[in-house]
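Notes for the one structure printed next.
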Amino acid sequence: MATLKDLARHLNLSVTQVSRALNDHSDVSVATKERVREGAREIGYRPNLTARKLKSGRSGLVAMIVPGRSETVEIEILMETVMGLSAEFSRRGLQFVLHVLSEGDDPAEAHRKLVQNGSVDGVIVTDPQLDDPRIVVLQDSATPFIVHGRDRLDAAYPFVDIDHRAIGHDLAAALLRRGCRSLALIDGPADRPYASLRRAGAEAALAEAGVAPATLHVHPGPMTEARGRADGEYLRDKGMDGAIAGNMMLAAGLRAACPDLSLAAHDDALLRYAADRVPPPLIRTVAPLSDAWVPLCDGLAEAIAGGRPQTLLDIHLSE
């Protein structure tokens, strides 16, 4: 097994230089840190986590707890997320641990147990619900964490998110410019903050256009292609002339059921549901899911160091 001295010899650096680079000290250049990490991969060096924790008080481990997934698409999204985050944490000398809950497990209790044993330096929370109990547990324990999304608009903790109100507003406004007046919003579960923000944005666009916001038909639920197809059949029967889809999976189902429907959707740029899978015309707001990996990893590292980074990623409208 390669040792720290082996790595230092391999790179022609001192043991102190290598150790400080691996522990992400601020007085070491980014280029040197990357060189050391690449060298570690080349010779198969793995830090002794027990020794690291005794010396620095940190384990070098970060974790994410997720519920079990049953839908194929959900599993694919999870894998894309895990691979993206794991690669970025590895570049920063951190090890990423994933824990998948069994059916019936309480997510908040799982987070409580995770932080009680003190084995991780930080936690990533994904898919937050309104007033998410997982976030309460982490705040009470003073464990560094970062959220992909927010459980409230005035969040006072580290997060990486996009402007969901702007998504709802821009997609609705684009459909209204095309002459649509009877709009439906087909989006995620009602207990997700992004769903209420997108609804508020769409209603604001209707009001600006002189259309009563109450005319917006809101359909919350699972964000799958099958559900989009089912809602599309309902919209077709009701004579709706425009729909906003919360993601490209919903958009694919809506287009299959309603080929002539004026359609707008938010695009996470997932490979399985690329824009060319949904026949045009299609209005999109675009914010690739993969754009979140770097700010999430950098943000958690900053949170571990005592910071409170908050990042809103850019979106752009494609008509």
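Given an 8 Å cut-off on Cα distances and at least 6 residues of separation, report the relative contact order of the chain as a percent.
Computed value for the chain: 15 percent relative contact order.
Among PRO193, PRO133, PRO144, which one moves the most in a GNM of the chain with springs linking Cα atoms closer than 10 Å? With Cα springs under 10 Å in the chain, the top fluctuation among PRO193, PRO133, PRO144 is at PRO133.
Per-residue ellipticity at 222 nm computed for the chain from its helices equals -14000 deg cm²/dmol, with DSSP H segments shorter than 4 residues left out and the rest contributing -39,500 (n - 2.57). Here the scattering of region 164-288 is modelled by Debye summation over its C-alpha atoms, one equal scatterer each and no solvent; at q = 0.13, 0.19 Å⁻¹ the log10 of I(q)/I(0) is -0.41, -0.94.
Available extension along the chain between ARG35 and ASN23 is 3.0 nm, counting 0.36 nm per residue and deducting the alpha carbon span. Applying a length cut-off of 24 Å (Cα extent along the axis) and a mean Kyte-Doolittle floor of -1.0 to the DSSP H helices of the chain leaves 72-91. Among MET64, MET83, MET248, whose mean-square fluctuation peaks in a Gaussian network model of the chain (Cα, cutoff 10 Å)? Ranking MET64, MET83, MET248 by mean-square fluctuation puts MET83 first.
Each of HIS316, HIS148 was scored by other Cβ atoms within 10 Å of its Cβ. Arranged with the fewest first, they read HIS316, HIS148. Shown for CYS258, CYS297: other C-beta atoms within 10 Å of each C-beta, ranked fewest to most, produce the order CYS258, CYS297.
Largest GNM mean-square fluctuation among GLU103, GLU88, GLU208, using the chain with Cα springs under 10 Å: GLU103. Fewest-first ordering of VAL218, VAL278 by other beta carbons within 10 Å of each residue's beta carbon gives VAL218, VAL278. Beta-bridge orientation, region 118-254: approximately 0 percent antiparallel, per DSSP, counting only bridges with both partners inside. Our summary gives region 4-47 a relative contact order of 41 percent, counting only alpha carbon pairs under 8 angstrom and 6 or more residues apart. Mind listing P(r) for the chain? All alpha-carbon pairs, 20 Å bins, whole percents. Reading upward from the zero bin: 29, 49, 20, 2. Here the dipole of region 67-187 is about 440 debye; that uses its Cα centre as origin and unit charges on the Cβ of Lys and Arg (positive) and Asp and Glu (negative).
No value in this document is a laboratory result; all are computed from the given coordinates. Just so it is clear, the model here is predicted, and its values are computed rather than measured. Quick reminder, even Gly has a Cβ in these numbers, built from the backbone with ideal geometry, and neighbours come from all protein chains shown.
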